[in-house]
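**Student:** Sending over a structure as structure tokens; questions will come in a sec.
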Amino acid sequence: MNKKRFILDSAAEGFPELEVPAQFQKDLLNWYHKNARVLPWRSQPSPYRVWISEMMLQQTRVDTVIPYFQRFMEALPDIPALAEVTEDKLLKLWQGLGYYNRALNLKKTAQVLMSQYGGQLPPDREALLALPGIGPYSAGAISSIAFGRAVPAVDGNVLRIMARLLASYEDINQGAHKKKMQAFMEKLVSPEEPGNFNQGLMDLGAGICLPNGQPKCPDCPVQAHCKAYRQELTALIPVKIPKKKRRIEEKTVFVIAWQERYALQKRKSGGLLPNLWEFPNREGHLKPEESRELLKDMGIQAVSITPLAASKHIFSHIEWHMKGFLVTGEVDERGASPFTWVTKEEIQQEYSIPTAFQAYTKSLEEE
DNA sequence: AATTCGGGGGG
DNA sequence: CCCCCAGAATT
């Protein structure tokens, strides 16, 4: 738990200073006041809404988040509702958004808030930092946006923007660099409008100071402060180390139909896609004969085993190369199989199945 | 410090 | 194909 505290250490060395930080703040804020994106969580920035939005926005684009945020707020409008929601309903609301531990951590935190904080989010960054799913960025974002505290929120946008402003060649993904930038931003954040300052940097990163050497410098409100622009280095900065390649996993997926119902199983709580539902599957590409034997061991007497289309799903670090079979059959006795038997409608409305299985959930619609 | 966590949008 | 995205937790 103490690891998270690094953001409070102050060690801003190794960067040149911005020449006129007060003017930088003013230029950024003036631009933000005129050009801020209109977003659902900005219209009514209660701590709860800010918190949920920040959790959804971790490594996730604004346009992706918006419909999820709207649905989430209708279903779970406040902290007490979130603290009591069933896990399956919560995961259904999160279905397709990815990084599912974010959702599980939301409920954990809501329960902590109910039992220890009177059902409210704490305004202090340190207290926020101790809550599940809230790290250095999110703690700063919530504390500044929802509570007006003068703390920075260092995300990927800030790292990119500041690397260019300072013409820094450091690898912005290194932990040591993030720590230095955090300390640097502690001093640069606007004491008067910290929330607008932090959100201004995000909007600047999203619309102007774009990655991949494609910044729109002519439109930039802080161009006068940017060393990379003056030195024509915006195509070279920021510097990032290349990421390692994905590993490939082969899988065989079984869509098993019996009495208008389909077999699902629940994934384990740790690791990939925790607690979500999936079609029964095995590692490797099995042949129909091997599949028949396997199914028999699970209490399924297969009547027919017909191939479904192969499909590929790409995670950040894994590729699933899947082949599927549609299985019709007889179950030895009710409850003998290890599966949960559900209707199409239940799958659609209640069970959270990861996008990776989309090709096979779709195959149901054609039955 | 490196790896593990999803999924989609755009070059 | 590749990149990146309002990162956090774990090892």
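The values are calculated or read from the model by the stated rules, or taken from the named source; none is laboratory data. Only a predicted model underlies this, so the values are computations on that prediction, with no experimental measurement involved. Ideal geometry is used to build each Cβ from the backbone, glycine not excepted, and the neighbour counts take in all protein chains shown. The protein model used for the area step is the full one, side chains on, heavy atoms only, and it has no ligands, DNA or RNA in it. Shrake-Rupley method; radii C 1.70, N 1.55, O 1.52, S 1.80 Å.
**Student:** In segment A:314-367, what residues are away from DNA strand C (no atom under 16 Å from the Cβ), acidic (Asp, Glu) and in contact (Cβ under 8 Å) with a residue 24 or more places away in the chain?
**Tutor:** Hits for segment A:314-367 are A:330, A:332, A:333, A:350, A:367.
**Student:** Hey, another quick one. At least 3 residues that are under 12 Å from the mean Cα position of the chain (by Cα), within 16 Å of DNA strand C (Cβ to nearest atom) and over 27 Å from residue A:202 (Cα atoms) in each: list the helices (runs of 4 or more DSSP H) lying fully within segment A:49-127 that qualify.
**Tutor:** So the answer is none; nothing clears 3.
**Student:** Condition first: within 30 Å of residue A:162 (Cα to Cα), within 14 Å of DNA strand B (Cβ to nearest atom) and in a loop (DSSP other than H, G, I, E, B). Can you find one or more residues in segment A:227-237 that meet it?
**Tutor:** Scanning segment A:227-237 turns up at least one residue that is within 30 Å of residue A:162 (Cα to Cα), within 14 Å of DNA strand B (Cβ to nearest atom) and in a loop (DSSP other than H, G, I, E, B).
**Student:** I'd like to know if segment A:153-160 contains one or more residues that are over 20 Å from the mean Cα position of the chain (by Cα), touching a residue at least 12 places away in the same chain (Cβ under 8 Å) and closer than 20 Å to residue A:18 by Cβ.
**Tutor:** Checking segment A:153-160: not a single residue is over 20 Å from the mean Cα position of the chain (by Cα), touching a residue at least 12 places away in the same chain (Cβ under 8 Å) and closer than 20 Å to residue A:18 by Cβ.
**Student:** I'm trying to understand the selection: among the residues of segment A:151-191, which are in contact with a strand residue (DSSP E or B) (Cβ under 8 Å, 6 or more places away or on another chain), within 14 Å of DNA strand B (Cβ to nearest atom) and not in a helix (DSSP H, G or I)?
**Tutor:** A:170, A:171, A:172, listed by residue number.
**Student:** If the requirement is being at pLDDT below 95 and either away from DNA strand B (no atom under 16 Å from the Cβ) or over 19 Å from residue A:92 (Cβ atoms) (or both), which of these qualifies: A:307, A:288, A:338?
**Tutor:** A:338
**Student:** Here are the criteria: (1) within 26 Å of residue A:321 (Cβ to Cβ); (2) touching a Pro at 6+ places or on another chain (Cβ under 9 Å); (3) in a loop (DSSP other than H, G, I, E, B); (4) open to solvent by less than 80 Å² (accessible area, probe 1.4 Å). Tell me which single one residue A:271 does not satisfy.
**Tutor:** (2)
**Student:** I would also like to ask the following. Looking at (1) under 19 Å from residue A:157 (Cα atoms); (2) surrounded by 14 or more Cβ atoms within 10 Å (Cβ to Cβ), which one does residue A:95 not meet, given that it meets all the others?
**Tutor:** (1)
**Student:** So, residue A:233, is that one buried (at least 19 other Cβ atoms within 10 Å of the Cβ) and not hydroxyl-bearing (Ser, Thr, Tyr) or not?
**Tutor:** No, not satisfied.
**Student:** Mind checking which residues of segment A:128-150 are away from DNA strand B (no atom under 16 Å from the Cβ) and open to solvent by 20 Å² or more (accessible area, probe 1.4 Å)?
**Tutor:** A:130, A:145, A:146, A:147, A:148, A:149, A:150, listed by residue number.
**Student:** Looking at segment A:104-116, which of its residues are within 24 Å of residue A:278 (Cα to Cα) and free of Cβ contacts under 8 Å to residues at least 40 places away in the same chain?
**Tutor:** A:107, A:108
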